[in-house]
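Asker: Shown below is the structure under consideration.
The values are calculated or read from the model by the stated rules, or taken from the named source; none is laboratory data. All values derive from a computational prediction rather than experimental measurement. Cβ sites come from the backbone with ideal geometry, for glycine too, and all protein chains shown count toward neighbours.
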Amino acid sequence: MTLPLVELHLHIEGTLEPELILELAARNNVRLPWGSLDELRAQYEFTDLQSFLNLYYRNLDVLRERIDFTDLTRAYLERARTAGVRHAEIFFDPQAHTSRGVPLLTALGGVRDALDAAVDSVGISTKLIVTFLRDRPAAEALQLLREILASPHRIDGIGLDSAEVGYPPELFTEVFDLARANGLRLVAHAGEEGPPEYVWQALDLLGVERIDHGIRSLEDEALLDRLVRDRVPLTVCPFSNVRLRVIDTLAGHPIMRMLDRGLLVCVNSDDPAYFGGYIDDNLTALDREFGLGPHRLALLARNGIEASFLTPAEKSTLDDEVGAWLDAQPQASV
């Protein structure tokens, strides 16, 4: 029996595996600077967030047609099923595509085609969170949100991502106000490379319900008190933190300190095609590094369920499944 998981911090563009990149490049007659799979894989060594983003956005050029976005999303869902994911709240960056001439409805429609079939095809429920690139103008994000709200394609929430330093959440208050007025759920990347002040702004100015990453919150005791008191979820991505040099090694990751402090933290994969593994890979590595054991693995799974935008009844069902998994573990009674 596989531990039932919820994934809350997953950029669908970040699941674009090298094999699919080359397949889509051939299909769409896109010339890439790498002549082989090995050459492409050799690019996946990053010194910081920006070095990753440079490759990330270059590879997106192979996504041209609606079916490309469907294939991308379907491939993630199939891999997520093997990881034990039962529910995924997926990030999608429309500006990464409209900025290079792909129509909004082409990209958004392709993702929705896969998500709308996900329960029947792979047994995974989903929600779609449109994330805006904070290093592009807030006015552009606002206009794009208006277009999405007027489109035939449903979204469930909005978020904020991409290069963090120098682009504080306060720049996007009008965007988040519009989303809130239209009943959308609100999340934002904050406290990854940016300071704890960005987490405060995301909470107090944007009114977000979850903080994506948030590891630098540990530098601010008053902020930690707030996060614990209000049960604000932090969607942590260990492999991502190490690969982007936010943290030197997995052994130095603060996940245990965060749990011990009482934070509502869950584990996610962020951009798994680039950072070395999916959600199950992250959890396996953490278990091996810190000796989590079944009880803390179950706690992390339950934190993800609590942090999700599922209904109370849906959360209860998944929580029961985690309980059944825990009961089946030999170490569960220790």
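Asker: Being touching an Asp or Glu at 6+ places or on another chain (Cβ under 9 Å), among the β-branched types (Val, Ile, Thr) and closer than 20 Å to ILE129 by Cβ is the requirement here; does VAL242 meet it? First the steps, then the outcome.
Answerer: Details: touching an Asp or Glu at 6+ places or on another chain (Cβ under 9 Å): yes; among the β-branched types (Val, Ile, Thr): yes; closer than 20 Å to ILE129 by Cβ: no.
The answer is no for VAL242.
Asker: If you don't mind, there's one more thing I want to ask. Of these, THR47, THR106, which one is among the β-branched types (Val, Ile, Thr) and closer than 28 Å to ASP248 by Cα?
Answerer: Numbers: THR106 fails: closer than 28 Å to ASP248 by Cα.
None of the other options fit; the residue is THR47.
Asker: Search segment 300-311 for residues that are basic (Lys, Arg) and pair each with any residue that is buried (at least 19 other Cβ atoms within 10 Å of the Cβ) when their beta-carbon atoms are under 8 Å apart and the residues are at least 6 apart or on different chains.
Answerer: So the pair list comes out as ARG302/VAL322.
Asker: So, one more: When segment 123-177 is examined, which residues are found to be among the hydroxyl-bearing types (Ser, Thr, Tyr) and touching a Leu at 6+ places or on another chain (Cβ under 8 Å)?
Answerer: As a first pass, look at segment 123-177 and keep what is among the hydroxyl-bearing types (Ser, Thr, Tyr): 125-126, 131, 151, 162, 167, 173.
If the condition is that a residue be among the hydroxyl-bearing types (Ser, Thr, Tyr) and touching a Leu at 6+ places or on another chain (Cβ under 8 Å), then SER125, THR126, THR131, SER151, SER162, THR173 are the ones that fit.
Asker: List every residue pair whose Cβ atoms lie under 9 Å apart, where the two residues are 6 or more positions apart in sequence or sit on different chains, the first residue falls within segment 152-164 and is farther than 14 Å from ILE12 by Cα and in a strand (DSSP E or B), and the second residue, located anywhere, is modelled with pLDDT of 95 or more and of a type in the set (Asp, Glu).
Answerer: Correct list of pairs: GLY157/GLU89; GLY157/GLU209; LEU160/ASP212.
Asker: Check MET256 against each of (1) of a type outside the set (Phe, Trp, Tyr); (2) in contact with a Lys or Arg (Cβ under 6 Å, 6 or more places away or on another chain); (3) surrounded by fewer than 17 Cβ atoms within 10 Å (Cβ to Cβ) and name the one condition it does not meet.
Answerer: Every listed condition holds for MET256 apart from (2).
Asker: Can you tell me how many residues within segment 15-37 are surrounded by fewer than 21 Cβ atoms within 10 Å (Cβ to Cβ) and under 25 Å from VAL236 (Cβ atoms)? Before you say what the answer is, go through the steps one by one.
Answerer: Taking segment 15-37 as the starting set, the residues that turn out to be surrounded by fewer than 21 Cβ atoms within 10 Å (Cβ to Cβ) are 17-20, 22-23, 25-37.
If we keep only those that are under 25 Å from VAL236 (Cβ atoms) as well, we get 17.
Result for segment 15-37: 1.
Asker: Output the residues belonging to segment 50-104 that are of a type in the set (Phe, Trp, Tyr) and modelled with pLDDT of 95 or more. Let's see the steps before the verdict.
Answerer: Step one: list which residues in segment 50-104 are of a type in the set (Phe, Trp, Tyr), which gives 52, 56-57, 69, 76, 91-92.
Across segment 50-104, the qualifying residues are PHE69, TYR76, PHE91, PHE92.
Asker: Checking SER240 against (1) without any contact (Cβ under 8 Å) to a residue 40 or more places away in the chain; (2) in contact with a Lys or Arg (Cβ under 6 Å, 6 or more places away or on another chain), which test does it fail?
Answerer: Every condition holds for SER240 apart from (2).
Asker: Testing MET1 on (1) closer than 23 Å to THR126 by Cα; (2) in contact with a strand residue (DSSP E or B) (Cβ under 9 Å, 6 or more places away or on another chain); (3) modelled with pLDDT under 95, one condition comes back false. Which one is that?
Answerer: (2)
Asker: Only one residue in ASP177, ASP156 is in contact with a Ser or Thr (Cβ under 9 Å, 6 or more places away or on another chain) and either at pLDDT 95 or above or surrounded by 18 or more Cβ atoms within 10 Å (Cβ to Cβ) (or both). Which one? Break it down stepwise before answering.
Answerer: Values: ASP177 fails: in contact with a Ser or Thr (Cβ under 9 Å, 6 or more places away or on another chain).
Of ASP177, ASP156, the one residue that is in contact with a Ser or Thr (Cβ under 9 Å, 6 or more places away or on another chain) and either at pLDDT 95 or above or surrounded by 18 or more Cβ atoms within 10 Å (Cβ to Cβ) (or both) is ASP156.
Asker: List pairs: first residue in segment 10-27 and closer than 25 Å to LYS127 by Cβ and free of Cβ contacts under 8 Å to residues at least 60 places away in the same chain, second residue surrounded by 18 or more Cβ atoms within 10 Å (Cβ to Cβ) and aliphatic (A, V, I, L, M) anywhere in the structure, Cβ distance under 7 angstrom, at least six positions apart or on different chains.
Answerer: Hits for this filter: LEU20/LEU72; LEU20/ALA75.
Asker: Here is a follow-up. Pick from ARG112, ARG64: which is in contact with a His (Cβ under 6 Å, 6 or more places away or on another chain) and buried (at least 19 other Cβ atoms within 10 Å of the Cβ)? Please lay out each step first, then the result.
Answerer: Details: ARG64 fails: in contact with a His (Cβ under 6 Å, 6 or more places away or on another chain).
Answer to the check: ARG112.
Asker: Can we say THR106 is among the hydroxyl-bearing types (Ser, Thr, Tyr), outside any loop (DSSP other than H, G, I, E, B) and surrounded by 22 or more Cβ atoms within 10 Å (Cβ to Cβ)? Lay out the reasoning, then the answer.
Answerer: Numbers: among the hydroxyl-bearing types (Ser, Thr, Tyr): yes; outside any loop (DSSP other than H, G, I, E, B): yes; surrounded by 22 or more Cβ atoms within 10 Å (Cβ to Cβ): no.
No.
Here is a yes/no grid of residues against (1) under 17 Å from the mean Cα position of the chain (by Cα); (2) of a type in the set (A, V, I, L, M); (3) more than 30 Å from ARG74 (Cβ to Cβ):
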{"position": "GLY159", "(1), (2), (3)": "yes, no, no"}
{"position": "VAL187", "(1), (2), (3)": "yes, yes, no"}
{"position": "TRP200", "(1), (2), (3)": "no, no, yes"}
{"position": "ASP204", "(1), (2), (3)": "no, no, yes"}
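Asker: Find the residue count for segment 277-288, including only residues that are touching a helix residue (DSSP H, G or I) at 6+ places or on another chain (Cβ under 7 Å) and surrounded by fewer than 16 Cβ atoms within 10 Å (Cβ to Cβ).
Answerer: 1
Asker: All but one of (1) within 15 Å of LEU186 (Cα to Cα); (2) surrounded by fewer than 17 Cβ atoms within 10 Å (Cβ to Cβ); (3) not basic (Lys, Arg) hold for THR235; state the number of the condition that does not hold.
Answerer: Result: THR235 passes all but (2).
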